[in-house]
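Below you'll find the structure, written out as structure tokens, and then a few comments.
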Amino acid sequence: DIQMTQSPSSLSASVGDRVTIACRATQGMRNSVAWYQQKPRQAPKVLLYGASKLESGVPSRFSGSASGTEYTLTISSLQPEDFATYYCQQYYRTPYTFGQGTKLEI
Amino acid sequence: QVQLQESGPGLVKPSETLSLTCAVSGGPMSSSSNYWSWIRQPAGQGLEWIGRIYVSGTTHYNPSLQSRVTISIDPSKNQFSLSLRSVTAADTAVYYCARNAEYYESSDYKYYYYMDVWGKGTTVTVSS
């Protein structure tokens, strides 16, 4: 299985901050990575796929990048509604696997 | 606008079979080039992918659950289902269904599938 190691596991930030969350994969995956946002008692919501393609309707302050086996989610200017848990996920090979999650707190 | 809705018993006894259905609305499953997945999340923990199915019936399962899982599809009813046998307390979780949308990656000339639409989830507790 492809393992996704996500960091940090938690992050404290303020409105307006720029934050970065990283995922490292155990093998190359041709950018087959998605990022999800999950709020309490809600289903995950996709933000990005293909490592850097913004899902329709998602604000442009969310962006993604890839370098080798490292994938990064950046939020350019945190808004109050962005405080949530974020997951990376690879879909290059089954079984699909997720990172452990990053809880973004105020 | 495609929507997914999970349904099934919220309580299952140990050693019995967990059965859930995901109803798809907003478009026919049979006309789409999508996979359909099940994912679960124990309380306070991360996400675990269970498996996926194509409209043709082709399935892929997580090896960690493969011996106990069956995913089936009924395009005529626009739904797909999950069956998990011999459950234990470790199977207690919120279960989600999701559509795996297809897109073409021109950089390597391949089609990929990512989970773009999710149901709201249903909580299943395994307890006697």
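The values are calculated or read from the model by the stated rules, or taken from the named source; none is laboratory data. Just so it is clear, the model here is predicted, and its values are computed rather than measured. Cβ: placed from backbone, ideal geometry, glycine included. Neighbour counts: every protein chain shown.
List of remarks:
- Entry remark, the stretch B:38-73: residues being of a type outside the set (Gly, Ala, Ser) and in a loop (DSSP other than H, G, I, E, B) number 10 in total.
- Residue match in the stretch B:12-19 (condition: within 14 Å of the chain's Cα centre (by Cα) and either at pLDDT below 95 or of a type outside the set (S, T, N, Q) (or both)): yes
- Comparison of B:Ser76, B:Ser81 shows that the only residue that is part of a helix (DSSP H, G or I) and among the small types (Gly, Ala, Ser) is B:Ser76.
- Any hit, the stretch B:24-37, residues being over 15 Å from B:Thr123 (Cα atoms), part of a loop (DSSP other than H, G, I, E, B) and β-branched (Val, Ile, Thr): no
- Qualifying position, being closer than 18 Å to A:Pro8 by Cβ and of a type in the set (A, V, I, L, M, F, W, C), among A:Leu73, A:Leu54, A:Leu48: A:Leu73
- All strands (runs of 3 or more DSSP E) inside the stretch A:2-106 with 3 or more residues being on the phi < 0 side of the Ramachandran plot and not small (Gly, Ala, Ser): A:4-7, A:19-25, A:33-38, A:45-49, A:70-75, A:85-90, A:102-105
- One residue from A:Val19, A:Val33 being of a type in the set (Val, Ile, Thr), buried (at least 17 other Cβ atoms within 10 Å of the Cβ) and under 27 Å from B:Ser106 (Cα atoms): A:Val33
- Residues that are under 15 Å from the mean Cα position of the chain (by Cα) and surrounded by fewer than 13 Cβ atoms within 10 Å (Cβ to Cβ), drawn from the stretch B:26-62: B:Gly57, B:Thr58
- Residue check, B:Ser56 free of Cβ contacts under 8 Å to residues at least 24 places away in the same chain, out of contact with any strand residue (DSSP E or B) (no Cβ under 8 Å at 6 or more places or on another chain) and away from chain A (no Cβ under 14 Å): yes
- The residues in the stretch B:34-53 that are more than 12 Å from every other protein chain (Cβ to nearest Cβ) and within 14 Å of B:Ile73 (Cβ to Cβ) can be counted, and the count is 2.
- Single unsatisfied condition, A:Ser14 versus (1) in contact with a Leu (Cβ under 8 Å, 6 or more places away or on another chain); (2) surrounded by 14 or more Cβ atoms within 10 Å (Cβ to Cβ): (2)
- Against the test of being under 23 Å from B:Ser106 (Cα atoms) and within 11 Å of the chain's Cα centre (by Cα), the options A:Leu48, A:Leu54 yield a single qualifying residue, A:Leu48.
- For the stretch A:57-106, the set of residues classified as hydroxyl-bearing (Ser, Thr, Tyr) and within 12 Å of the chain's Cα centre (by Cα) consists of A:Ser63, A:Ser65, A:Tyr71, A:Thr72, A:Thr74, A:Thr85, A:Tyr86, A:Tyr87, A:Thr102, listed by residue number.
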